[in-house]
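Okay, structure first, notes after.
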Amino acid sequence: MTETHGGRSERASRLTVTASLSNGVARVAHGKAAAVNLIDTILATEHTRSETLLYIGDREYYSAPDGGPIPNHQFRITVSSLRRVAALHYSDHDDTDMPHAVTYDPRQPHPEVDLIFSEETGAVFPRSALIPITHARMALLEWLETRKRPRCVEWIAY
């Protein structure tokens, strides 16, 4: 059980979200309010050439092995704010059931939008991974609470 201090859990007070944004800028949010603000900024951004990467923990994450801790899980997000859709990829090497997953919307037809999966390779998300931005926001808010793959949206192995 997590200790509480003045009604807030110690874990929540240490919440740190590190983001590599689609525009190449890195941002760090300390605490839940700042993390929610960062998520809302990401979901309002049209991702035209690159994806956003998110990491959660009790401290900042870095990309260089000698620069600090390396996360064991990652959220990859791409958004078309104009079309009001997003696609999420979650990887967690401790998840033995589905270590790599993308969101899944079984409804047909899928939006005719290509959302970038990897700027480096040019790969795009499968169109079945596109979900409404409101659902992506719910999933990301759940992730802030659980630090696990959200259950409020559907996922398929990827």
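Values in this text are rule-based calculations from the coordinates and carry no lab data. All values reported here derive from a predicted model rather than from experimental measurement.
Worth a mention:
- Converting phi to 3J(HN,Hα) with the Karplus coefficients 6.51, -1.76 and 1.60 and the offset θ = phi - 60°, segment 99-114 yields x, 10, 8, 10, 4, 9, 10, x, 5, 10, x, 7, x, 8, 9, 9 Hz in sequence order, with x at every glycine or proline.
- Residue by residue, segment 78-93 carries 3J(HN,Hα) couplings of 9, 10, 10, 5, 5, 8, 6, 10, 9, 10, 10, 10, 10, 10, 8, 6 Hz when phi is fed to the Karplus relation 6.51 cos²θ - 1.76 cosθ + 1.60 (θ = phi - 60°); x denotes Gly or Pro.
- Per principal axis, descending, Cα span of segment 9-157 in whole Å: 44, 29, 28
- Distance cut-off 16 Å, percentage of C-alpha pairs in segment 94-158 lying past it: 52 percent
- Phi angles across segment 152-158 convert, under the Karplus curve 6.51 cos²θ - 1.76 cosθ + 1.60 with θ = phi - 60°, into 3J(HN,Hα) values of 7, 10, 7, 9, 10, 4, 9 Hz, Gly and Pro given as x.
- The gain in end-to-end length when the Thr41 to Arg151 segment is fully stretched comes to 37.3 nm, 0.36 nm per residue minus the alpha carbon separation.
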